[in-house]
Amino acid sequence: MSLRLGIHDLSLATTSFVVQLDDLAAYAGVDPDKYRLGLGQEQMSVPGADEDIVTMAARAAAPILERHGVDGIRTLYVATESGVDQSKSAAVFVHSLLGLPSSCRAVELKQACYSGTAALQAALGQIARSPEDRVLVISADIARYALDSAAEVTQGAAAVAMLVSADPALVELESATGIYTAEVDDFWRPNDSSTALVDGKLSVDAYIDAYLGAWDDYRAHGGVPIEQIDRFCHHQPFTRMAAKAQRALAEHVGAEIDEARHLGSTRYNRRIGNSYTASLYAGLASLLDGDDDLTGARIGLYSYGSGSIGEFLAGRVVPGYRDHGRAAATLAALDTRTTLSIEQYRALHAGAAIGSVQDVTIAPVSSGPFHFTGVTGRARHYRR
Ligand code: CAA
C-alpha cells in the first residue's frame, strides 16, 4: 500500500497591527474601490517594532506543538524572503523559541514567495524515506515596499506553520507536480535594501507565464485535467491576482472556470495583504476554514516566487478535516489587531530597518507571546 503523505495540521499567525486600506486610499487621494475591487484588498497587517518573521513563525507554530507535541519532529524549515541574518537561519531562532529538541535540524530556505513549497516538497521526500518522522514547515514573511509607491498597498505580513506527516488529517498531497523556472527581473530585494523593488506590470505577466508553464508541466507529469480540480488556491500578492490567473488558465486550456472555485481561498488574504511565502498557505487555511464542506475535494495549489519559479500541485481534503480546523483562532487573530493611523504606520515603516551596528533595546508592544528584544554585540535577541 502506498504511503499517504501531506499536511497534518496548519496554523496561521499575523502581526498585532493593521492598516485599513480605506484610510490609505484617503491619505493617497485614491478611490478606495481601486483597492477593494481593483486589487481585492481591505486591510494589511503591519509588524510592531518587536515583531518580525521569527516572532510570527514561532507564533504560528506554537499551537501546533501544543496540540501534537514535539516527538518525531526532526526537521524545521523556515521559508522566507525577509531573513534577519545573512548567515544564521531564522529557523535556529524559531527552534529555540519553540523549545524544540536539539535532535531537530533547523534550516532557512529562500526563493522569493516560492520557498515554502520547496520546503513542503523536501518535507514530503524526507517522510517518504522515514514515515515515522514529522517535519515542521513554516512560511513567514513581511511584504515591504517603499512608502508612496504603487506597490505600497500590497504590503502585509503573516506566517503559516504546517506539520507535514504520513496519514495527514487535513490534506493528502498527490505526487504529480508541475514546475516552471525562468530568470526574470520582476521583483527582487538587493542585500542593501529593506524594501523590495518591483516592476509591477512585468511581475503580473511573469506570474501568469509561470502559472501556465507550471500547469502544462503538471499535465505532462501525470496531473489531472482541470475538470477534476474542485477548488483552486493561489499565491495571492493581492487577491484579484488569483482571478486574473484563473482567467488566463481558462483561456489557455479552453475551459470555463467558475470564480466560486477560487474565491473561498481569498478571505484571509484580503485582510492580511501579501505575505509572500505564507500567502498560498494562508489561502489554503481560508479555504479549509470556510463554510463549504470540502471532504474529498481536490484542491489545486499554485505557488509563485518572483525571479521566477512557479509550481502547481494538488491534494485531496481528508474526511474529518473539520475536526482539526483553527478558524476561530485565526479570525480572533485578525479581529484583535490594533488599527494604526496612517501617521503611525508611516512612522513605523520609516523606522523598521534597524541595523546591527548600534546596540538597541526594543520594548514589547505587540500582543503575541514572542518578542524581538533588540540587538547587542551585533546579534539579535528574542524572548518568549
Ligand atoms: N474601481 C475599481 N477598480 C479600479 C479602480 C476603481 N476606482 N481604479 C483602478 N482599478 C483597477 C484597475 O482597472 C486594475 O484592474 P485590472 O488589473 O483588472 O485592469 C486594478 O485596479 C489595479 O490598478 P492599476 O493596474 O492601475 O494599479 P497600479 O498600477 O497602481 O499597481 C500593481 C498595481 C502593479 C499590482 C502594484 O500594486 C504593484 O506593483 N504591486 C506589487 C507587485 C505585485 O504584487 N505583483 C504581483 C505579481 S508578482 C508576485 O506575485 C510575487 C509577489 O508576491 C510580489
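For a quick check, take a GNM of the chain with Cα springs below 10 Å and name the residue from Ser265, Ser366, Ser45 with the largest mean-square fluctuation.
Highest fluctuation of the listed residues: Ser366.
Kirkwood hydrodynamic radius of segment 5-383 from all distinct Cα pairs, in Å?
20.5
Farthest toward the dipole's positive end in segment 5-383, which of Ser308, Ser115, Leu37, given Cβ charges of +1 (Lys, Arg) and -1 (Asp, Glu) about the Cα centre?
In segment 5-383, that residue is Ser115.
Restricting to Cα pairs below 8 Å that are 6+ residues apart, what does the relative contact order work out to for the chain? Please round to a whole percent.
Value for the chain: 25 percent.
Pairs of alpha-carbon atoms within less than 8 angstrom and 6+ residues apart define the contacts here; what relative contact order does segment 107-260 have, in percent?
Here the relative contact order equals 18 percent.
Which of the helices in the chain, when you take each full DSSP H run, stretch at least 24 Å along the axis at their Cα atoms and have an average Kyte-Doolittle score of -0.5 or higher?
200-220
Under 23 Å Cα-Cα from Lys88, which lysines qualify once same-chain neighbours fewer than 8 residues away are excluded?
Filter leaves Lys110.
Given Cβ point charges of +1 (Lys, Arg) and -1 (Asp, Glu) and nothing else, what value in debye, to the nearest 20, does the dipole of segment 5-383 about its Cα centre take?
760
Leaving out ligands and nucleic acids, note down the accessible area per residue over segment 5-383 with a 1.4 angstrom probe, in whole Å².
That works out to 39 Å² for each residue.
Suppose we keep just the DSSP beta bridges with both residues in segment 5-383; what percent of those would be antiparallel, to 5?
Bridges in segment 5-383 are about 75 percent antiparallel.
With all protein chains present, how much of the accessible area of the chain (probe radius 1.4 Å) comes from carbon and sulfur, to the nearest whole percent?
C and S fraction of accessible area: 50 percent.
The values are calculated or read from the model by the stated rules, or taken from the named source; none is laboratory data. This structure is a prediction, so every number in the text was calculated from the model and none was measured. Heads up, the Cβs are rebuilt from the backbone with ideal geometry, glycines too, and the neighbour counts pull from every protein chain shown. Ligands, DNA and RNA are stripped out before the accessible areas are found, and what is left, the full protein with its side chains, is counted by its heavy atoms. Shrake-Rupley method; radii C 1.70, N 1.55, O 1.52, S 1.80 Å.
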